[in-house]
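Remarks on the structure that follows.
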Amino acid sequence: MYRIRRSAGAGFAAVLGLHALPAAAASAAAPAARISPGDTAWVLVCTALVLLMTIPGLALFYAGMVRKKNVLATMMQSFAICALVSVVWMLAGYSFAFTNGYALIGGTSRLFLNGLGTGWNRPFVLGAGSAAPVVTTIPESVFVMFQMAFAVITPAVVTGAFVDRMKFSALMVFMTLWSLAVYAPIAHWVWAPTGWLNRMGVADFAGGTVVEINAGVAGLVCALVLGRRVGYGQENLAPWNLSYAVTGAALLWVGWLGFNSGGALGANGRAGMAVLATQLAAAGATLSWSAAEWVLRGKPSVLGAISGAVAGLVAITPAAGFVLPGPALAIGIIAGVVCFYAATELKPRLGYDDSLDAFGVHGVGGMLGMLLTGVFAYGPLSATAADPGGAAGGAHLLGVQAIAVAATLGWSVVGTFLALKATGALVGLRVTREEEREGLDIALHGEQVS
């Protein structure tokens, strides 16, 4: 096994059960390395779990919270994004995110997954040829697929902010542009050895920036640009079938265990700690959201409980491989209360129509999780011989985390806005008022739930 390394960027593959070697040493050592069947099998299982989170997990979760006339259209968004982004990832997204390239974006050496056949049965070296390559014990095809699952679910989360009102053609154009111009660069900053946040030492185990803050902020921008739903604040927009939403949330909870622990890129102690931390944070947030709702509104709702679980899962995402069980539970409890406030008090006060609280849960929860990682990170979990202190919570790490949060916010806001404007110029963004009244199932897809 390779020793754990905390790179100048303690990101996804740079710290997770791997050992980064100097460039010259890496080229000499790589041929001696072998693919680990156990690590490969574990990452493949985690990949399947992450895909399960999108289809059917997120599809059911979101569909259960819209009105009956928009159930199929909402499910179609997650399903279509899964297919679309898989192809976009193969064509260019992976290359832009994970080849060496520059500090802001990767290069073009893996466009169309060119060159993947070379060394297809040898361990993948992330950042080969860079100053800090990372040798893994899995083939590159598995790494590509695992990261593809993340690239798929992130834009699918964004749709929760604008369900009921975006054209399907606009969805397809916008998500293509957004995946390439917003998601891929941030993934490169944080998880590629040549990314600027990675080199700075950001601690983001599984996507507090790349997935959660990015998706939540993008969702907020979409909600503001598209405007409120017809009847918002005047008509009953209550969920049609909460049993769908509960089923979807349950699938998300189980899938998230792979989402977070798969970042270890192996079946190792770091993965085990990430699973435990994820479970405790989800449990803590479920209880704290429900308790807050019980105290303030008289009853703990089912919708509140599942929203709390997702809030805890979001907040622990960056911290899962950096914190011990006690801090993980604390992160979940804090996230449940803070996200409850963001979704039930902050949103009505500011008046934006984030339909399914993509920003209130994912954006706010992601920012909270990133900052709390800077407070609670336990150094020995990422310590190495070269860096015996590991990524330890304190003023320095908290500062790096804050920079990562601010950078992700800025890029996501600007990139999302420009992608929306380009999409609007090409195909338009919003369905007509009449189509929205009729329901997107019939208006966009010619089908409906009976």
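The values are calculated or read from the model by the stated rules, or taken from the named source; none is laboratory data. The structure displayed is predicted, hence computed values, not measured ones. For neighbour counting, all protein chains shown are included, and Cβ atoms are generated from backbone atoms with ideal geometry for every residue, glycine included.
Within the range 350-372, work out how many residues are among the hydrophobic types (A, V, I, L, M, F, W, C) and in contact with a Phe, Trp or Tyr (Cβ under 9 Å, 6 or more places away or on another chain). Let's see the steps before the verdict.
Keep residues of the range 350-372 that are among the hydrophobic types (A, V, I, L, M, F, W, C), which gives 350, 356, 358-359, 361, 364, 367-368, 370-372.
Pick out the ones that are also in contact with a Phe, Trp or Tyr (Cβ under 9 Å, 6 or more places away or on another chain) and you get 356, 358-359, 364.
Residues flagged as among the hydrophobic types (A, V, I, L, M, F, W, C) and in contact with a Phe, Trp or Tyr (Cβ under 9 Å, 6 or more places away or on another chain) within the range 350-372 amount to 4.
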*Hey, among 133, 239, which residue is surrounded by 20 or more Cβ atoms within 10 Å (Cβ to Cβ) and of a type outside the set (S, T, N, Q)?*
133
*Just checking, how many residues over the range 47-58 are buried (at least 24 other Cβ atoms within 10 Å of the Cβ) and not polar (S, T, N, Q)?*
4
*Among the candidates 220, 197, 171, which residue alone is among the hydrophobic types (A, V, I, L, M, F, W, C), in contact with a Phe, Trp or Tyr (Cβ under 7 Å, 6 or more places away or on another chain) and under 30 Å from residue 110 (Cα atoms)?*
197
*Being outside any loop (DSSP other than H, G, I, E, B), under 17 Å from the mean Cα position of the chain (by Cα) and at pLDDT below 95 narrows it down to one of 263, 312, 258, 248, so name that one.*
263
*Looking for whichever is of a type outside the set (Val, Ile, Thr), at pLDDT 95 or above, within 14 Å of the chain's Cα centre (by Cα) and surrounded by 18 or more Cβ atoms within 10 Å (Cβ to Cβ) here; the options are 322, 340, 359. Which one fits?*
359
*Has the range 102-123 got any residue that is touching a strand residue (DSSP E or B) at 6+ places or on another chain (Cβ under 7 Å) and touching a residue at least 40 places away in the same chain (Cβ under 8 Å)?*
yes
*Mind listing whichever residues of the range 92-118 are under 15 Å from residue 145 (Cα atoms), at pLDDT below 95 and of a type in the set (A, V, I, L, M, F, W, C)?*
116
*Enumeration of residues in the range 293-304 that are part of a helix (DSSP H, G or I), farther than 15 Å from residue 238 by Cα and in contact with a helix residue (DSSP H, G or I) (Cβ under 6 Å, 6 or more places away or on another chain)*: 293
*asked:* So the check is Cβ under 9 Å with 6+ separation or different chains; which pairs have a first residue in the range 266-291 that's in contact (Cβ under 8 Å) with a residue 60 or more places away in the chain and more than 13 Å from residue 316 (Cβ to Cβ) and a second one that's acidic (Asp, Glu) and in a helix (DSSP H, G or I)?
replied: 266/39; 267/39; 268/39
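Can residue 307 be described as over 20 Å from residue 59 (Cβ atoms), part of a helix (DSSP H, G or I) and hydroxyl-bearing (Ser, Thr, Tyr)? Steps first, please.
On the way: over 20 Å from residue 59 (Cβ atoms): no; part of a helix (DSSP H, G or I): yes; hydroxyl-bearing (Ser, Thr, Tyr): yes.
No, not satisfied.
Condition check ((1) within 18 Å of residue 432 (Cα to Cα); (2) surrounded by fewer than 17 Cβ atoms within 10 Å (Cβ to Cβ); (3) over 17 Å from the mean Cα position of the chain (by Cα)) across all residues:
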residue	(1), (2), (3)
209	no, no, no
226	yes, no, yes
231	yes, yes, yes
243	no, yes, yes
253	no, no, no
*Number of the condition not met by residue 382 [criteria: (1) closer than 30 Å to residue 168 by Cβ; (2) polar (S, T, N, Q); (3) in contact with a helix residue (DSSP H, G or I) (Cβ under 7 Å, 6 or more places away or on another chain)]*: (1)
*Check the range 81-89 and report whether any residue there is under 25 Å from residue 433 (Cα atoms) and either touching a residue at least 24 places away in the same chain (Cβ under 8 Å) or surrounded by fewer than 24 Cβ atoms within 10 Å (Cβ to Cβ) (or both).*
yes
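Considering only residues of the range 193-234 that are of a type in the set (D, E, K, R) and not in a loop (DSSP other than H, G, I, E, B), which is farthest from residue 361 (Cα to Cα)? Reasoning before the result, please.
Keep residues of the range 193-234 that are of a type in the set (D, E, K, R), which gives 199, 204, 212, 228-229.
Restricting the remaining residues to those that are not in a loop (DSSP other than H, G, I, E, B) gives 199, 212.
On the way: 199: 29, 212: 9 Å.
Looking at residues that are of a type in the set (D, E, K, R) and not in a loop (DSSP other than H, G, I, E, B), I get 199.
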*Residue check, residue 274 surrounded by 17 or more Cβ atoms within 10 Å (Cβ to Cβ), within 18 Å of residue 163 (Cβ to Cβ) and not acidic (Asp, Glu)*: no
*Checking residue 187 against (1) surrounded by fewer than 24 Cβ atoms within 10 Å (Cβ to Cβ); (2) closer than 30 Å to residue 65 by Cα; (3) among the small types (Gly, Ala, Ser), the condition it does not meet*: (1)
